[in-house]
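Only one structure is covered here, and it is reproduced in the block below.
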Amino acid sequence: MLCVVLFLALTAHSVLAECTEGWLQFEDLCVNFNMPFLTWDDALEVCRAYGAILVQDNSQEKHDWLVEQMKSRGILKLWTGGRRDSSGVWKWVQSNETFSYVTWYPGEPNYNFENCVYLTKRYNYNWNNQVCSYKIPFACERRTPSSEGLAESD
Ligand SMILES: [Ca+2]
């Protein structure tokens, strides 16, 4: 019996240990919400220093999970990695992907000088575009070690 319990504990641990302390697992990603209030550019640099990118809100499932995390942590605003480029195209800058999923709040994006995308409680956790120099919290994401390994062996 003890052996079974130990085995289960070790198995569970090896699954849970995919992400290091402070990082939460979502599918094949580790996401960290313990970040200060920064401008979008500074937030990107902090994520880069962690070998990560600014979080990409790029599916309904992921959006729902991000909102759940914001609510449970009392995070009111959160930068994403979304930004409008100089030709006016909205993109996940660090993966260079245009948006296949969007959850703009009605009436957004509005002003043409607001080029960065954040989630805000005020808009029921949907997107608003904002000036990139706005200082708000953010989250970083990076691949889990095992998914990273799989990607490298491709
Ligand atoms: Ca706006």
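Placing unit charges on the Cβ atoms only, positive for Lys and Arg and negative for Asp and Glu, gives region 23-153 a dipole magnitude near 440 debye about its Cα centre. Between V131 and E18, the modelled labels are 4.0 nm apart [label points 7 Å from Cα along Cα→Cβ]. Cβ-to-Cβ counts within 10 Å put W65, W23 in ascending order as W65, W23, the fewest first. Secondary-structure-derived ellipticity at 222 nm for the chain, considering helices only, amounts to -9500 deg cm²/dmol, per-run term -39500 (n - 2.57) for DSSP H runs with n ≥ 4. Taking G88, G74, G107 in turn, the Gaussian network model of the chain (Cα-Cα springs below 10 Å) assigns the largest fluctuation to G107. Fewest-first ordering of K91, K135 by other beta carbons within 10 Å of each residue's beta carbon gives K135, K91. Considering all C-alpha pairs of the chain, those separated by over 20 Å amount to 51%.
Not counting the cut sites, what is the longest span of the chain without GluC sites (Glu not before Pro) that DSSP labels loop and that have at most 12 other Cβ atoms within 10 Å? Don't skip to the answer; put the middle values down first.
Working: sites that count: E21, E27.
That would be 28-154.
Placing dummy labels 7 Å off each Cα toward the beta-carbon, the span from S147 to Y111 is 3.5 nm. For the pair region 59-74 and region 110-142, the centres of their Cα atoms are 15 angstrom apart. With the simple model of a label 7 Å out from the Cα in the direction of the Cβ, E45 to R122 spans 2.6 nm. For region 87-118, the list of chymotrypsin sites (Phe, Trp or Tyr not before Pro) that fall in a loop by DSSP and count at most 13 other C-beta atoms within 10 angstrom reads Y101, Y111, F113.
Computed from the coordinates by the stated procedures, all read-outs in this text should not be read as laboratory data. Remember, it's a predicted structure, so these values are computed and weren't measured experimentally. Glycine gets a Cβ as well: all are built from the backbone with ideal geometry, and neighbour counts include every protein chain shown.
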